[in-house]
Amino acid sequence: MTDYLLTLLSKDYQKLFESREFADITIQVGEEPNETQVFKAHSTVLRIRSSYFRTEILKSDTNNLSIDGINIILNHSNISPEIFETLLRYIYVGNIELTKYDIPEILNILIVANKLGLTDLCDYIQDQLLDSKKELLKQNFVHVNRTSISNGFEKLSKFCIKVLNQDPKIIFRSKGFTSFTSDELLGYYKDYFQVNNQIDQIEKIEQIEQIELWERLIEWGICQLPNMNSDNSKENFQALKEKVKPMMKYIEFKEISAKDFFQKIRPFRYVFDDDYYIQILESHAFTNIQPEILSSSSSSSPPPPPSSSSLSPNPSFNNLLSDKTLNQSPTYDASTSVKSITLTSSSSPLESTEPELLEMTSKLVTPIYFGLFTKWINEIDFKNNSFKFNLLLRGSYHGLNAKTFHNLCDYKGATITIVKVKDSNELIGGYNPLDWFRGYPPGIHDKTKKSFIFSLDQNDLNKSIFSKVIDEKNAIHQHQDFGPSFGLGRSDLRLYGMGLNDKKLCICNKLSYEKRIRSSKLEFGVEDYEVWQVVKE
């Protein structure tokens, strides 16, 4: 019965929207000399439904009033008459039909809805896109990512961060690639180069070929120079060189095949510096003559070694010298007596080819504290589960920096973090039931009612501080430059910086959690910390 009555109410408001009877406000939409259109509406309806119109109407005075009522001009570039009519209908009727629009059009509707202060509609549109149009969002990733960042759409932003972390190459294959600014494109080439040189990440993602990075860069550069296609003058090549040069250092040209080099790179020879171009040529020459050198090694009179001045090292040899990264995580189980696990590689440079040992028991707490963590998690969940704890990161072993934290701990599910405060005996930490991920500055706050932070009393377990979240919307702080962080602003627990132990930049305040876990409000450094994955058995 209630739904039926709401339907009748919606129909009555639709009649009011279509008839404009008793309208007392005039709204001009669009920019001259382009299409403009005048809409009549009811100020009472707009005040109630839109925070933007409430503010504009309250600002109106006698100078704004005409015989017909209040005049408002909307000439923002994103607001077309068609989009405004769609949103005005929503304001009256309470529903919106998105199926007839493509992704760029829906994003424009979302942007205008945000300008008009239609918060509930913004959440609804983001949910609809993420529920049924994920593949289309990926195809339009450049547009979606830019829109989410510039307008603060958190749900879309989280989606973009997750997609980009799992598949960095999506940027280079998305529609709208040529619309990047130079600074945006440089950032993505730099980020992909860094990921491409992390072995643990390479094993998880399909790599993009270096020749494709080159082709997309040239495509982008030519689109920035409209005359390039019709005039291949030396001046235009110089202009192209200035456009693409900052990104070129992040392409591994020596990994490109000789065939692709001569077919796809040689025609653009003038965008290279002479010395660098010669180095690439020599590297290909070296690769081609290597088999001849090796086959002649059985000869009684082997040829002299190549001169270092005329040949560059083979790139495959450089790859053999690169550092390895950790790709196997040790496991802690309170029921086992195993004390260590053999790893085939390490995240720090190897001194020898012997396998290294990493203790799988905590270096910061005894096993009894994992029983305490289990009790606290069950208290939050109102359950009686048992858990397995897998060691993801130990700062003293893997590195005390935010980059390592995100490489090893992002998208691993629930985690417990234990922190040893530098120059003290304090042990503090927190439980995050959600995934960690890299949030773009100024960061993203994740909502949960199941997180907590703590301070451990090493003399009396029962005196440990257990602090539940009270500000659920700001429970977890996701930031690419932070380690594990809990709470709003300066945070109830924040591990900050690329060198957590070098500078006293970490802090504990009381903002989003019920109890303070440190008596001192001063910033502190980290001597060591551990992050453990929490898996329900």
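The values are calculated or read from the model by the stated rules, or taken from the named source; none is laboratory data. Everything numeric in this text was worked out from a predicted model, so none of it was measured. Here Cβ is always computed from backbone atoms with ideal geometry, including for glycine, and neighbour counts include all displayed protein chains. Side chains included, ligands, DNA and RNA excluded: accessible areas come from the protein's heavy atoms. Shrake-Rupley method; radii C 1.70, N 1.55, O 1.52, S 1.80 Å.
Descriptive notes on the structure:
- Out of Asn236, Asn227, one residue alone is open to solvent by 40 Å² or more (accessible area, probe 1.4 Å) and not aliphatic (A, V, I, L, M). It is Asn227.
Residues checked against (1) outside the structural domain of Lys254 (by the TED database); (2) touching a Pro at 6+ places or on another chain (Cβ under 6 Å); (3) modelled with pLDDT under 90:
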residue	(1), (2), (3)
Val142	yes, no, yes
Asn165	yes, no, yes
Ser174	no, no, yes
Thr181	no, no, yes
Ile202	yes, no, yes
Trp220	no, no, no
Asn229	no, no, yes
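- Complete set of residues in the range 428-446 that are surrounded by 20 or more Cβ atoms within 10 Å (Cβ to Cβ) and under 15 Å from Trp532 (Cα atoms): Ile428, Gly429, Gly430, Tyr431, Asn432, Trp436
- Among (1) outside any helix (DSSP H, G or I); (2) surrounded by fewer than 21 Cβ atoms within 10 Å (Cβ to Cβ), the one test that Ile380 misses: (1)
- Condition met for Ser467 (part of a strand (DSSP E or B) and small (Gly, Ala, Ser)): yes
- Criterion (surrounded by fewer than 24 Cβ atoms within 10 Å (Cβ to Cβ), assigned to a helix (DSSP H, G or I) and assigned by the TED database to the domain that holds Leu400) met by exactly one of Lys521, Lys515, Lys473: Lys473
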